[in-house]
1. Using a cut-off of 10 Å between beta-carbons, work out the net charge of the residues near Val95 (Lys and Arg +1, Asp and Glu -1, Val95 not included).
2. For volume of the Cα convex hull per residue in Å³, one of (i) 160; (ii) 143; (iii) 193 was computed from the structure I shared and the rest are decoys. Which label?
3. State, as an integer percentage, the relative contact order of the chain based on alpha-carbon contacts under 8 Å between residues 6 or more apart.
4. To two decimal places, what compactness ratio does the stretch 85-160 give when its Cα radius of gyration is scaled by 2.2 N^0.38 Å?
5. Tell me, what are the semi-axes, in whole angstrom and largest first, of the equivalent ellipsoid of the stretch 1-141 as set by the roots of 5 times the Cα gyration tensor eigenvalues?
6. Tell me the Kirkwood radius of the stretch 146-234: reciprocal of the mean inverse pair distance over distinct alpha-carbon atoms, in Å.
7. I need to check one value: relative contact order of the stretch 3-156, counting alpha carbon pairs closer than 8 Å and at least 6 residues apart, in percent.
8. Report ³J(HN,Hα) in whole Hz for each residue of the stretch 138-148, in order, from the Karplus equation J = 6.51 cos²θ - 1.76 cosθ + 1.60 where θ = phi - 60°; Gly and Pro get x.
Amino acid sequence: MTDQQRLVRGAWAYTAAVAAELLAQDFPVDKITVIDTSGEGPDTSEVETFVSIPDPWWTRTFPQYESAGLDWDAASGWTLRGEIRKETGKPTTVVEHWLGEGLTPEPAKVALFLTAARVNGEAGSTDRPYYRRRDKDAASPLADRLLAYEDVLRRSDPLAKAVKNGYKRPLRDIFNTLVSAERARMVDGHLTGWPEVRMVPLRAGEVRALTQLLEASDAADANALAADLRARYRAAPKGSAERAIPAQQSTALAVAARRRAKQQPDR
């Protein structure tokens, strides 16, 4: 591989390791994107990466921004970008908060950076740091540091114990497994962690729209939860009288409880 190819591959591995840490801390990451920017001119870094979190999370967490994102590049490291809402017809102002801490801070530090921004509304510095320049600094040393995160990903593979005969699963398969496992963990935590029953009035169309969205998604146990909601809707009276929730309308909760019990260490 060329140095540029190693840099792109390493950037993917490092960003995947950061995304895995964010998932472990309950940030709803759904994918990562890596872009080779080496052909875009001398003033750009050779590679940029983007951690994708659904837009509703960003707008709910940072209501002051029209849109936001968590990005990394090979010149300045991590930044939280936000576009400030403006009046119609006026240009949008982009605000950048840089983590600092070099080009390869530990994934836990990146998660702390996003947590701090979530709590305080902002974090880091608005002054962009430059740790390297593509026309002066070789790509190989950075690529070596980034590629080390391939081993980090392999050690965090939920299926590592099931792999035999020295076979190494593709890194993208490992990352997809991590995403699925962490999503299931988050769903289990929400379903089993809030035992109180609340009476929430919904329009029939809202229930149907919600169940269709769940069935169309790839979230953990989405179909089971959609089936539970459909069953409750069909069994519910048209009035607002409170009623018990039969077991047959709680399949997703039962599955989550069993799975969570298996994950708990023996006490």
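Please treat every number below as a calculation from the coordinates, not as lab data. From a predicted model like this one, the values you see are computed outputs, not experimental measurements. Using ideal geometry, Cβ is built from the backbone for each residue, glycine included, and neighbour counts are taken over all protein chains shown.
1. -2
2. (iii)
3. 16 percent
4. The reported ratio for this selection is 1.51.
5. The three semi-axes for the stretch 1-141 are 25, 18, 14 Å.
6. 15.9 Å
7. Value for the stretch 3-156: 27 percent.
8. 5, 7, 4, x, 5, 4, 4, 5, 5, 5, 4
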